[in-house]
């Protein structure tokens, strides 16, 4: 292998990092920020597909109430996928 082949491999590695790893990191930061900004009254969707309203927010956990039966349960913040507007 000569010098130019090493340069090509290096450039390919940089492209993979820029196209795959960095967008994933950016998305993880957005999700983490959203989870930190949860407040009472927010309507959320969990990764398992449960939709409910936040009743209480603790450091690591959230108490959620579902509609129409009013079932209340506790989930961890990492399980929250999105806040519905």
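Data overview
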{"quantity": "Where residue 26 falls short, out of the listed (1) surrounded by fewer than 13 Cβ atoms within 10 Å (Cβ to Cβ); (2) modelled with pLDDT under 90; (3) within 16 Å of the chain's Cα centre (by Cα)", "calculated": "(2)"}
{"quantity": "Qualifying residues in segment 31-42 (those that are surrounded by fewer than 10 Cβ atoms within 10 Å (Cβ to Cβ) and part of a helix (DSSP H, G or I)) - the one modelled with the lowest pLDDT", "calculated": "36"}
{"quantity": "Hits in segment 18-47 (condition: more than 26 Å from residue 65 (Cα to Cα) and in contact with a strand residue (DSSP E or B) (Cβ under 7 Å, 6 or more places away or on another chain))", "calculated": "none"}
{"quantity": "Test: residue 15 is modelled with pLDDT of 90 or more and touching a strand residue (DSSP E or B) at 6+ places or on another chain (Cβ under 8 Å)", "calculated": "no"}
{"quantity": "Any hit, segment 60-74, residues being loosely packed, with under 10 Cβ neighbours inside 10 Å, at positive phi, touching a strand residue (DSSP E or B) at 6+ places or on another chain (Cβ under 7 Å) and not in a strand (DSSP E or B)", "calculated": "no"}
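The values are calculated or read from the model by the stated rules, or taken from the named source; none is laboratory data. Note that the structure is predicted; figures quoted are calculated from it, not measured. Reconstructed Cβ throughout: ideal geometry from the backbone, glycine too, with neighbour counts over all protein chains shown.
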